[in-house]
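Shown next, in structure tokens, is the structure this report addresses.
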């Protein structure tokens, strides 16, 4: 158990990594998001690029909170 926790702590184990790789529809949409973000950051002017990146970063934080809560709850249940 100690080795598992150490590997997990150092980021060598990603419990969520397999879920999106198995779901082709989600994987395709993630690629779509990355392609469009790259395109928009290339073509937008400085002010619009800043606003877009602020939006993307804010969405990452908002979207990440429920994921963090789910991770913590799952870890507690597993422990």
- Message: Condition (residue is over 18 Å from the mean Cα position of the chain (by Cα) and modelled with pLDDT of 75 or more) applied to the stretch 19-39: is it met by at least one residue?
- Response: yes
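When only residues in the stretch 1-18 that are part of a loop (DSSP other than H, G, I, E, B) and modelled with pLDDT under 70 count, which is farthest from residue 70 (Cα to Cα)?
So, considering only residues that are part of a loop (DSSP other than H, G, I, E, B) and modelled with pLDDT under 70, the one farthest from residue 70 (Cα to Cα) is 1.
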- All conditions in (1) at pLDDT below 75; (2) part of a helix (DSSP H, G or I) are true of residue 61 except (1)
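How many residues does the stretch 55-74 hold that are farther than 30 Å from residue 8 by Cβ and over 16 Å from the mean Cα position of the chain (by Cα)?
Result for the stretch 55-74: 0.
The values are calculated or read from the model by the stated rules, or taken from the named source; none is laboratory data. Note that this is a predicted model, so its numbers are computed, not measured. Ideal geometry is used to build each Cβ from the backbone, glycine not excepted, and the neighbour counts take in all protein chains shown.
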